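Note sheet for the following structure.
The values are calculated or read from the model by the stated rules, or taken from the named source; none is laboratory data. It should be emphasised that the depicted structure is a prediction, and the values quoted were computed from it without experimental measurement. Here the Cβ positions follow ideal geometry from the backbone for every residue, glycine too, while neighbour counts run over all protein chains shown.
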């Protein structure tokens, strides 16, 4: 993962925080600078950042009394107009919106007051002039003002304060150095900030592989039978394990995939999942399982291969210290968190993990398990003696092509950032960066949606192209990205056809695609090597001459915003022809 360059602007002295952030050894690596103390507002001015023009992120961390004169008076129990408080929050919101143009990510810790300031005591949340109530309303108004702004993420500072407890605020440090917080607050903050940065780079985890005995339920199912398991009932351990299952199901609802790796007889373990009345997780909540007596590291390798993911996408959870240590040793890319021995802590420990943090949530995320199960159905439906073309022809495969719209921007950026295998360049960029790149280059960007008789895979591909400014009379493909769920269904050919037809509509002679190798995108290179394009080894570029027709597979129906503007389906135009090289 790359090093993130950032800047922290604050209404207090952020030097200690920036030093801790830069020296923290956990990934990702960060190098941040501290803006001049008390000059945070200069960043919203029209002039450029005097220290450095290109940044990956900004942190804007302020205290409410430094932003709002009315709130400062409220802390002194002076009469304050609520309208004035709201106006000052709105003014600050506008400054933040102006700052957002300086970096693709702006992280904004919300306002807090020292824990020792009691406000109006029991009345503080009950009356309009209460410190706590006013602060709650100010933070809510700030979040509402910034809702929908690309790249701005308010952070829950109160959780950092809660974790730090009595050490959160340091009056002596404030008077000596203008630093209000203790290091415990900063350590919690930097962990959340690093998780956000990792999520922005598509490094959040995607698959949770979980053990069964003494992990998902209490007891060994092979010895006590499913009827004898500790799960639910009037048993505090059984109830705690149900809460753990609820937490796993909640993450599944967020878009995480669940799988099982367990040393057991498969029929016995599956019977427990299907028949135990206290099971929260059902068989349909899991995308795959390996329940056998094989090595768990080998089972994880098989699961990852089946789901077409990378090892760095996996979290492995097991009650056994031996199994955890072995998987850490055998599969160093897999994240294996330390796990508590006390089962009542399972759920809270799972939900405290930051490795699942992502800066984008889409409808496709919530439906991810269903999509993977549909892919399993596709694989099972394909008979061994049927050719790929025969199988695809029977699948009623449909592709919808749409030029990039604002509503698709989050999912398109997410797909670019999270896709590794079928990704021409594996470049990473935020929603804001993608939007600005399109505006500055005049790029054409298409979203690719895929469905068939087994289900809807949703937005599964991204193609972007520009008129090449260096090569004469050519169009250059920049983003060629396809979800691993639909690789091998000839959608790859549809995307290349789309680029060729766009070049043809512009009367250009060639389509160029420069491959940038990574440790994961060899499958993309293999496609292009077999695509029929000419390969220029010296500059790692594939070339398709536009005067050479690129045919669509006849069994794929293609609809939507096609470059030639002809018809709602390309199936009619492709009748009787076949894909190049098919």
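Out of all the residues in the range 7-22, which are touching a strand residue (DSSP E or B) at 6+ places or on another chain (Cβ under 6 Å) and closer than 18 Å to residue 67 by Cβ?
8, 9, 10, 14
Considering only residues of the range 138-161 that are in a helix (DSSP H, G or I) and without any contact (Cβ under 8 Å) to a residue 12 or more places away in the chain, which is nearest to the chain's Cα centre (by Cα)? Outline the logic, then answer.
Taking the range 138-161 and keeping what is in a helix (DSSP H, G or I), we get 138-146, 157-161.
Checking which are without any contact (Cβ under 8 Å) to a residue 12 or more places away in the chain leaves us with 140, 144.
Numbers: 140: 25, 144: 23 Å.
Among those residues, the one meeting the criterion is 144.
Answer with yes or no whether residue 191 is modelled with pLDDT under 95, under 18 Å from residue 337 (Cβ atoms), surrounded by fewer than 20 Cβ atoms within 10 Å (Cβ to Cβ) and out of contact with any helix residue (DSSP H, G or I) (no Cβ under 6 Å at 6 or more places or on another chain).
Numbers: modelled with pLDDT under 95: no; under 18 Å from residue 337 (Cβ atoms): yes; surrounded by fewer than 20 Cβ atoms within 10 Å (Cβ to Cβ): yes; out of contact with any helix residue (DSSP H, G or I) (no Cβ under 6 Å at 6 or more places or on another chain): yes.
Considered against the rule, which asks whether it is modelled with pLDDT under 95, under 18 Å from residue 337 (Cβ atoms), surrounded by fewer than 20 Cβ atoms within 10 Å (Cβ to Cβ) and out of contact with any helix residue (DSSP H, G or I) (no Cβ under 6 Å at 6 or more places or on another chain), residue 191 comes out as no.
Name the residue, out of 129, 101, that is buried (at least 16 other Cβ atoms within 10 Å of the Cβ) and at pLDDT below 95. So that I can check it myself, show each step before the final result.
Details: 101 fails: buried (at least 16 other Cβ atoms within 10 Å of the Cβ).
Being buried (at least 16 other Cβ atoms within 10 Å of the Cβ) and at pLDDT below 95 holds for just one of 129, 101, which is 129.
For the range 307-378, which fully contained helices (runs of 4 or more DSSP H) count at least 2 residues that are at pLDDT below 90? Before you say what the answer is, go through the steps one by one.
On the way: elements: 321-330, 346-352, 363-366.
The qualifying helices (runs of 4 or more DSSP H) are 363-366.
Any residue at all in the range 175-182 that is buried (at least 19 other Cβ atoms within 10 Å of the Cβ), closer than 30 Å to residue 253 by Cβ, touching a strand residue (DSSP E or B) at 6+ places or on another chain (Cβ under 9 Å) and touching a residue at least 60 places away in the same chain (Cβ under 8 Å)?
For the range 175-182, residues buried (at least 19 other Cβ atoms within 10 Å of the Cβ), closer than 30 Å to residue 253 by Cβ, touching a strand residue (DSSP E or B) at 6+ places or on another chain (Cβ under 9 Å) and touching a residue at least 60 places away in the same chain (Cβ under 8 Å): absent.
In this structure, does residue 271 turn out to be modelled with pLDDT of 95 or more and either surrounded by fewer than 18 Cβ atoms within 10 Å (Cβ to Cβ) or assigned to a helix (DSSP H, G or I) (or both)?
When the stated conditions are applied, residue 271 passes them.
Could you tell me which of the residues 7, 108 is closer than 30 Å to residue 312 by Cβ and at pLDDT 95 or above? If you could, list the steps in order and put the result at the bottom.
Details: 7 fails: at pLDDT 95 or above.
Every option except 108 fails the conditions.
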